[in-house]
Amino acid sequence: MNSLWSNLVQNLDPYVAGEQPKDKTYIKLNTNENPYPPSPKVMQAIQSVTASDLRLYPDPDASSLRTAIAEYYAVSPTNIFVGNGSDEVLGFAFVAFFKKENPLYFPEITYSFYPSYCRLYEIRYRQCAMANDWSIQFDDIGDSPGGIVFPNPNAPTGMLLSLQQIESLVKRYQDIVIVVDEAYIDFGGDTAIELTQTYSNLLVVQTCSKSRSLAGLRVGYAVGHPNLIAALERVKNSFNAYPLDAIAIRAATASFEDQVYFEQCCNQIIETRDWFTAQLNALSFQVLESKSNFVFARHTQVEAKHLSKSLKEKAILVRHFSSPKIDNYLRISIGTREDMEGLIDSLGSILVA
Ligand SMILES: *Cc1c(COP(=O)(O)O)cnc(C)c1O
């Protein structure tokens, strides 16, 4: 007990991010960062920032960025909300839509930030079980959920739901908000953004951190009906009027204006992922079918904990979650082809040892 802390803070269960060690140079495959640099146009935009851009407060509505995102997805800027990373956008969505009488539903195995937000905002939640094939059992949701959130593709399984599956959920539960967290959608999935033009209870959240190589910039966004965007604006303006700084607004805007570079990077990662999956299979790993920039895999004989420790000694970081059910899996981010060749070589030598 800490008498200086509020009861709320004593009961929090904060998210633990993957490590960013500074002791030596690692091949970092533990936090799903993109191995490629951001578009050169992003770097030019950052260099064009002037002293007065920094002296003045930024545009509180980030209009240039919202317009660029809207154009990219052929929707209206009134459909777009932007925030300081999609973690912030998700946090705002939880308080805007899920702090209700009835419980929020999300998958049992999923992004571990969701239960953290529930503690912070005192939101009741229930979990949908995972089937043996790691699909999400949405049948567990009763008749009156307070809201539903899941990543698509799911994390850390990497598995994708079809747009038909999403549409049937959105249709079935029209009087609550369904948030689809599309942090990894650009690596082979179809975005549900077009469904937001038909269904006013669907909010799609995306990020520039993974597919746009901008994890350090902190830019995320939501796409949905203007009524949902208005609720997010109310939360934002009750907390911080300027979540995006002037540099982030400019740089992220430039990223959406360079579609060719973006598509090249995504295609390269998809190609490397599919090559790497085949290599893992050849080393007796079972690999879930991933549509993300990571794979979730378990070795048929050797414990994941041992593998992650041995790889760290060889200066390669992968993510191991010690929670039950998934503690024999490794989540491995897709780096460059060279990174993944290095990992396959190291795994080969660990497995024969
Ligand atoms: C990485 C990730 C995010 C958050 O990304 P930001 O860097 O905060 O934009 C959100 N959801 C999932 C499932 C993620 O993996």
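The values are calculated or read from the model by the stated rules, or taken from the named source; none is laboratory data. In this text, all values refer to a predicted model and were calculated from it rather than measured experimentally. So basically every Cβ, Gly included, is an ideal-geometry build from the backbone, and we count neighbours across all protein chains shown. Protein only, heavy atoms only, side chains kept; ligands, DNA and RNA dropped before computing areas. Shrake-Rupley method; radii C 1.70, N 1.55, O 1.52, S 1.80 Å.
Tabulated data for the structure shown
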read-out	value
³J(HN,Hα) computed for each position of the stretch 234-250 - Karplus, 6.51 cos²θ - 1.76 cosθ + 1.60, integer Hz, glycine/proline x	5, 5, 3, 7, 9, 10, 7, 6, 10, x, 9, 7, 4, 6, 4, 4, 5
Exposure rank, largest accessible area first [K325, K312; 1.4 Å]	K325, K312
Average projected area [Cα convex hull, the chain], square nanometres	19.4
Relative contact order of the chain, pairs being alpha-carbon contacts under 8 Å that are 6 or more residues apart, as %	23
Accessible surface of the chain, 1.4 Å probe, proportion on carbon and sulfur as whole %	49
Per residue, in Å², the accessible surface of the stretch 40-258 once ligands and nucleic acids are set aside, probe 1.4 Å	42
Whole-Å distance, taken between Cα centres, linking the stretch 21-83 and the stretch 126-168	30
Among 117-130, 147-160, 328-341, the order from most to least packed when residues are scored by Cβ within 10 Å on average	147-160, 328-341, 117-130
Accessible surface, 1.4 Å probe, highest first, among residues R298, R319, R250	R250, R298, R319
FRET efficiency for N237 and S200, using Cβ-Cβ distance with R0 set to 25 Å, rounded to 0.05	0.70
For the chain, size of Cβ-based charge dipole, Lys and Arg +1, Asp and Glu -1, in debye	740
Spin-label model distance (nm) - V260 vs K22, 7 Å beyond Cα toward Cβ	3.9
Environment charge at V42 (Cβ cut-off 12 Å; Lys +1, Arg +1, Asp -1, Glu -1)	+1
Surface accessible to a 1.4 Å probe, H306 within the full protein complex, Å²	100
Per-pair calculated FRET efficiency, R0 = 22 Å: A74 and S48 via Cβ, rounded to 0.05	0.20
DSSP beta bridges in the chain [antiparallel fraction, %, rounded to 5]	50
Stretchable slack from D139 to Y15, in nm (0.36 nm times residue separation minus alpha-carbon distance)	41.9 nm
Length added when fully stretched, S284-E338, from 0.36 nm per residue minus Cα-Cα	17.3 nm
Global geometry of the stretch 255-308, whether rounded, prolate or oblate, following the gyration tensor of its Cα atoms and the 1.5 cut on a/c	prolate
Dipole moment magnitude, nearest 20 debye, the stretch 231-353 about Cα centre, only Lys, Arg, Asp, Glu C-beta charged	600
